[in-house]
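> Quick one: the structure is below, questions incoming.
The values are calculated or read from the model by the stated rules, or taken from the named source; none is laboratory data. All of these numbers come straight from a predicted model, not from anything done at the bench. Virtual Cβ from ideal backbone geometry, glycine too; neighbours counted across all protein chains shown.
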Amino acid sequence: MTSDEPKTRKSLRFTGGTPFISLDAYDVFCVVGCRTSVNAANLIAQDYSSVRLGLPGGQLVSQELMDILLIDRFRKTIAGTLIDLLAQSTDKPIYLIPDPLWSTKVFEEPRGVIMGAIAKSTHAADYADWVYRCLQSAFAGKATVMRQPADTIENNVFTAQTYSQNSIGLGRRVVEHPETDFVHMNGAYGARILEEFFATVDKPAAL
Amino acid sequence: MSTPYSSLPPRNYWRSGVAEVHATQLADFYKKKFPIAFDDKIVTAGSCFAQHVANNLKKNGYNILVAENLPQWLDEDVAKQHGYGIYSARYGNIYTARQLLQLLRDSRTGTVRPEDVWEKNGRFYDALRPSVEPIGLESADEVLAHRKNHLEKVAQMFADVDVFVFTLGLTEAWQRLDSGTIYPTCPGVIAGRFDPDVFGFVNFNVFDVYNDMVEARKLLLEIKPGLRFILTVSPVPLTATASDDHVLVATTRSKSILRSVCAMLADEFDDVDYFPSYEIITAPNARSFFYDTNLRSVTSFGVETVMRAFFSEHPAKAVTDTSAATAPALGPRRGGGRRPPVASKDDVVCEEALLEAFGQLASVSVLSAIRTSRQFGLRWIPKSSRATARISVFLARSAIFFRQPSFATDG
């Protein structure tokens, strides 16, 4: 399996050593991505709101539609497409490790306005649950969705700020992310996720 | 001796204008009253048939104003099931002139009425557009909040419109007796409960429809001076009538009134044009050719023929979606053959068609069971008929639950 996109092929070479994914070479597939918070709630909330979110302006949509929008958004990410392709091509277990929720640092960004409103809304109480539930619906029967560990989440909406301090980009060159970066997490977060992942794969896959 | 008829063109004579002309070849049929520019902002509304008009205008490069929409990346069918992408805003089908007037007044004042929330199985529906939330909302308050938000969008939309295309569909409606509020569906069909002490049947006459349309025009012109109107009458017969008349008589009454009002308005006001889609579909030379086998739904071929007449006067822009814009080769159908298919990709969303389910139940099962029992002097329904009745009830419920829009276009 490979990608028709040169950038992705390059990325595959970097992360997997080859420009393609050998379906025979692995027992388990782990897809990391889905841009949970970037593409999902925040993007949707720029134009839409639900009664529970209570965001000013924008169109009011039902919770059912918010779910549909979020699920659809997840499915259309690169990670979503990859999961689809893998699920069509192999019976081996597939896991999705979703991108983390944004860090509370987001408040230093213009986008923090929307996230702040979400955090203050009645939706906040189950925001992380909602994201997880929609991820599960998006990939039901295809992949096991790893839940972001509860101890990394703050106020049910954000990743605790400690996990986004001193994060670095592991591209061809190691790059330090700016102090205000609220999307990328640090090594401590990665370690916590790996710990959770191995604990999960030890259990029978529950698709 | 010369008379005013001596120099009339062939189109003015029934024989040369209709009887000897194929239904798809009607010539010189519609003359526009005013042009529509491609950058004119158009709002569409009306009964189910109006959805075809909206779809085709959009596909042919006209600028349909969209006040409520979902992201383009979302599946079109999902959007449609939730009332998006059907009309300029998410008001659902507007079957009667009174319903239009009511929407205009409500949007102007931001009026929402708690009694217009209907419940079904613990979910809540906006009685004024019950089909836009297929599974309803969580609470009555949520419905009211949604309605308020919707009315704001509608008000903004009408402040910006240049051309309003409205298809008149029905004269029959259900109203709340205390407030006079008109609903697009009978209570109990999609949600709510029918209570004869609360709701009543109303069948508008020509004066009612005319006055409502005049008032609607006045309100719209106050909001947007210079607005122009294109009116059409839906050629789709009534699914069912709640009047005492036979459904055919009721349909003729309804359509005649609507057509008359269009003529009155178009004669009276320079800014009102009438587009004769009704005549194209129902013309005797069509011999019901444009109707599907149920003699109600208009086939996609019929819609295309109608729109071709429209675009002959309001030319289509160069389009990219050839499948939608290209009309099939026209001309008499030789050797019979199957009817052209009913519009599929552009299936319309139609609450009124849900009444069909009751019709099937009533005509096939229950009534036959009753007739059988009467015929044989029985006071009970025979077991076999009871079984049929139960199956039909199930089918009816399924139809309502799933709301299959493929039933037909209505009103």
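> Picking from B:Gly180, B:Gly192, which residue would you name as being crowded, with 17+ Cβ neighbours inside 10 Å and either of a type in the set (Phe, Trp, Tyr) or more than 20 Å from the chain's Cα centre (by Cα) (or both)? Full working, then the answer.
Details: B:Gly180 fails: crowded, with 17+ Cβ neighbours inside 10 Å.
Criteria check complete, one pass: B:Gly192.
> In this structure, does B:Ser88 turn out to be within 20 Å of A:Leu60 (Cα to Cα), surrounded by 24 or more Cβ atoms within 10 Å (Cβ to Cβ) and among the polar types (S, T, N, Q)?
Values: within 20 Å of A:Leu60 (Cα to Cα): yes; surrounded by 24 or more Cβ atoms within 10 Å (Cβ to Cβ): yes; among the polar types (S, T, N, Q): yes.
Taking the combined requirement at face value, the residue satisfies it.
> Can you find, within region B:49-78, the residue that is farthest from the other protein chains (Cβ to nearest Cβ) among those that are surrounded by 21 or more Cβ atoms within 10 Å (Cβ to Cβ) and not in a helix (DSSP H, G or I)?
The first filter runs over region B:49-78 and keeps only residues surrounded by 21 or more Cβ atoms within 10 Å (Cβ to Cβ), leaving B:49-57, B:62, B:67-68, B:70.
Still in the list and also not in a helix (DSSP H, G or I): B:62, B:67-68, B:70.
Working: B:Tyr62: 23, B:Ala67: 9, B:Glu68: 6, B:Leu70: 7 Å.
The residue in question is B:Tyr62.
> If you scan region B:173-227, which residues turn out to be at pLDDT 95 or above, closer than 19 Å to B:Trp118 by Cβ and in contact with a Ser or Thr (Cβ under 7 Å, 6 or more places away or on another chain)?
Matches in region B:173-227: B:Ala173, B:Gln175, B:Ile182.
> Also, I was wondering about something else. Need the failing condition index for A:Leu85 against (1) at pLDDT 80 or above; (2) out of contact with any Ser or Thr (no Cβ under 8 Å at 6 or more places or on another chain); (3) closer than 19 Å to B:Gln72 by Cα, just the number.
Unmet for A:Leu85, out of (1) at pLDDT 80 or above; (2) out of contact with any Ser or Thr (no Cβ under 8 Å at 6 or more places or on another chain); (3) closer than 19 Å to B:Gln72 by Cα: (3).
> If you don't mind, another one. Tell me, yes or no, whether region B:274-286 has at least one residue that is over 26 Å from B:Phe204 (Cα atoms) and crowded, with 18+ Cβ neighbours inside 10 Å. Reasoning before the result, please.
Residues of region B:274-286 that are over 26 Å from B:Phe204 (Cα atoms), as a first pass: B:284-286.
Those left that are additionally crowded, with 18+ Cβ neighbours inside 10 Å: B:286.
Scanning region B:274-286, I find at least one residue that is over 26 Å from B:Phe204 (Cα atoms) and crowded, with 18+ Cβ neighbours inside 10 Å, so the answer is yes.
> Quickly run through region B:1-55 and pick out the residues that are out of contact with any strand residue (DSSP E or B) (no Cβ under 8 Å at 6 or more places or on another chain), among the basic types (Lys, Arg) and closer than 30 Å to B:Phe158 by Cβ.
If the condition is that a residue be out of contact with any strand residue (DSSP E or B) (no Cβ under 8 Å at 6 or more places or on another chain), among the basic types (Lys, Arg) and closer than 30 Å to B:Phe158 by Cβ, then B:Lys31 is the only one that fits.
> Okay, moving on. May I ask you to verify whether A:Asp99 is at pLDDT 85 or above, closer than 17 Å to A:Leu194 by Cβ and of a type in the set (D, E, K, R)?
Working: at pLDDT 85 or above: yes; closer than 17 Å to A:Leu194 by Cβ: yes; of a type in the set (D, E, K, R): yes.
Spelling it out, A:Asp99 is indeed at pLDDT 85 or above, closer than 17 Å to A:Leu194 by Cβ and of a type in the set (D, E, K, R).
> So, A:Ala128, is that one away from chain B (no Cβ under 14 Å), surrounded by 21 or more Cβ atoms within 10 Å (Cβ to Cβ) and free of Cβ contacts under 8 Å to residues at least 40 places away in the same chain or not? Full working, then the answer.
Working: away from chain B (no Cβ under 14 Å): yes; surrounded by 21 or more Cβ atoms within 10 Å (Cβ to Cβ): yes; free of Cβ contacts under 8 Å to residues at least 40 places away in the same chain: yes.
Judged against the criteria, A:Ala128 is a match.
> Moving on. Given the residues A:Ile118, A:Ile168, A:Ile153, which is the only one that is touching a residue at least 60 places away in the same chain (Cβ under 8 Å) and either buried (at least 20 other Cβ atoms within 10 Å of the Cβ) or out of contact with any Cys (no Cβ under 7 Å at 6 or more places or on another chain) (or both)?
Values: A:Ile168 fails: touching a residue at least 60 places away in the same chain (Cβ under 8 Å); A:Ile153 fails: touching a residue at least 60 places away in the same chain (Cβ under 8 Å).
Among A:Ile118, A:Ile168, A:Ile153, only A:Ile118 is touching a residue at least 60 places away in the same chain (Cβ under 8 Å) and either buried (at least 20 other Cβ atoms within 10 Å of the Cβ) or out of contact with any Cys (no Cβ under 7 Å at 6 or more places or on another chain) (or both).
> Counting only residues that are hydroxyl-bearing (Ser, Thr, Tyr) and without any contact (Cβ under 8 Å) to a residue 40 or more places away in the chain, how many does region A:171-189 have?
From region A:171-189, those hydroxyl-bearing (Ser, Thr, Tyr) are A:180, A:189; that's our starting set.
Filter once more, keeping what is without any contact (Cβ under 8 Å) to a residue 40 or more places away in the chain: none.
Selection size over region A:171-189: 0.
> Would you call B:Lys32 within 23 Å of the chain's Cα centre (by Cα), assigned to a helix (DSSP H, G or I) and of a type outside the set (S, T, N, Q)?
Working: within 23 Å of the chain's Cα centre (by Cα): yes; assigned to a helix (DSSP H, G or I): no; of a type outside the set (S, T, N, Q): yes.
Considered against the rule, which asks whether it is within 23 Å of the chain's Cα centre (by Cα), assigned to a helix (DSSP H, G or I) and of a type outside the set (S, T, N, Q), B:Lys32 comes out as no.
> Tally time: how many residues in region B:213-262 are part of a loop (DSSP other than H, G, I, E, B), of a type in the set (Val, Ile, Thr) and over 16 Å from B:Thr167 (Cα atoms)?
2
> Being among the hydrophobic types (A, V, I, L, M, F, W, C) and touching a strand residue (DSSP E or B) at 6+ places or on another chain (Cβ under 8 Å) is the filter; apply it to region A:118-137 and report the residue that is farthest from A:Leu65 (Cα to Cα). Please lay out each step first, then the result.
Taking region A:118-137 as the starting set, the residues that turn out to be among the hydrophobic types (A, V, I, L, M, F, W, C) are A:118-119, A:124-125, A:128, A:130-131, A:134-135.
Filter again for touching a strand residue (DSSP E or B) at 6+ places or on another chain (Cβ under 8 Å), leaving A:119, A:128, A:131, A:135.
Numbers: A:Ala119: 20, A:Ala128: 17, A:Val131: 14, A:Leu135: 15 Å.
Among those residues, the one meeting the criterion is A:Ala119.
> Then there is this: Take the residues of region A:54-74 that are in contact with a strand residue (DSSP E or B) (Cβ under 9 Å, 6 or more places away or on another chain) and aliphatic (A, V, I, L, M): which is surrounded by the fewest Cβ atoms within 10 Å (Cβ to Cβ)? First the steps, then the outcome.
Taking region A:54-74 and keeping what is in contact with a strand residue (DSSP E or B) (Cβ under 9 Å, 6 or more places away or on another chain), we get A:55-66, A:69, A:74.
Still in the running and aliphatic (A, V, I, L, M): A:55, A:60-61, A:65-66, A:69.
Numbers: A:Leu55: 20, A:Leu60: 22, A:Val61: 26, A:Leu65: 22, A:Met66: 22, A:Leu69: 23.
Per the criteria, the residue is A:Leu55.
> Can you pull out the strands (runs of 3 or more DSSP E) entirely within region B:79-175 that have at least 1 residues that are more than 14 Å from chain A (Cβ to nearest Cβ) and hydrophobic (A, V, I, L, M, F, W, C)?
Details: elements: B:117-120, B:123-126, B:163-168.
Here the list reads B:117-120, B:163-168.
> Scan region B:96-109 and tell me whether some residue there is at pLDDT 95 or above, surrounded by fewer than 17 Cβ atoms within 10 Å (Cβ to Cβ) and farther than 21 Å from B:Thr171 by Cα. Break it down into steps so the answer makes sense when it comes.
Start the filter on region B:96-109 by keeping residues that are at pLDDT 95 or above, which leaves B:96-109.
Still in the list and also surrounded by fewer than 17 Cβ atoms within 10 Å (Cβ to Cβ): B:105, B:108-109.
Imposing the further condition that a residue be farther than 21 Å from B:Thr171 by Cα reduces the set to B:108-109.
Taking every residue of region B:96-109 in turn, at least one turns out to be at pLDDT 95 or above, surrounded by fewer than 17 Cβ atoms within 10 Å (Cβ to Cβ) and farther than 21 Å from B:Thr171 by Cα.
> Which residues, taken from region B:18-29, are at negative phi, assigned to a loop (DSSP other than H, G, I, E, B) and in contact (Cβ under 8 Å) with a residue 12 or more places away in the chain? Let's see the steps before the verdict.
Just the residues of region B:18-29 that are at negative phi, to begin with: B:18-27, B:29.
Subsequent filtering for residues that are assigned to a loop (DSSP other than H, G, I, E, B) retains B:20-22, B:26-27, B:29.
The answer is B:Val21, B:His22, B:Leu26, B:Ala27, B:Phe29.
> Going by the conditions given, is B:Gly192 out of contact with any helix residue (DSSP H, G or I) (no Cβ under 9 Å at 6 or more places or on another chain), in a loop (DSSP other than H, G, I, E, B) and farther than 30 Å from B:Thr293 by Cα? Let's see the steps before the verdict.
On the way: out of contact with any helix residue (DSSP H, G or I) (no Cβ under 9 Å at 6 or more places or on another chain): yes; in a loop (DSSP other than H, G, I, E, B): yes; farther than 30 Å from B:Thr293 by Cα: yes.
Taking the combined requirement at face value, the residue satisfies it.
> Considering each residue of region A:46-65, count those that are facing chain B (nearest Cβ under 8 Å) and in contact (Cβ under 8 Å) with a residue 24 or more places away in the chain, and give that number.
Counting residues in region A:46-65 that are facing chain B (nearest Cβ under 8 Å) and in contact (Cβ under 8 Å) with a residue 24 or more places away in the chain gives 0.
> Sticking with this structure for a sec: Considering (1) surrounded by fewer than 21 Cβ atoms within 10 Å (Cβ to Cβ); (2) within 12 Å of A:Val31 (Cβ to Cβ), say which one A:Thr77 fails and leave the rest.
Evaluating A:Thr77 over (1) surrounded by fewer than 21 Cβ atoms within 10 Å (Cβ to Cβ); (2) within 12 Å of A:Val31 (Cβ to Cβ) leaves (1) as the failure.
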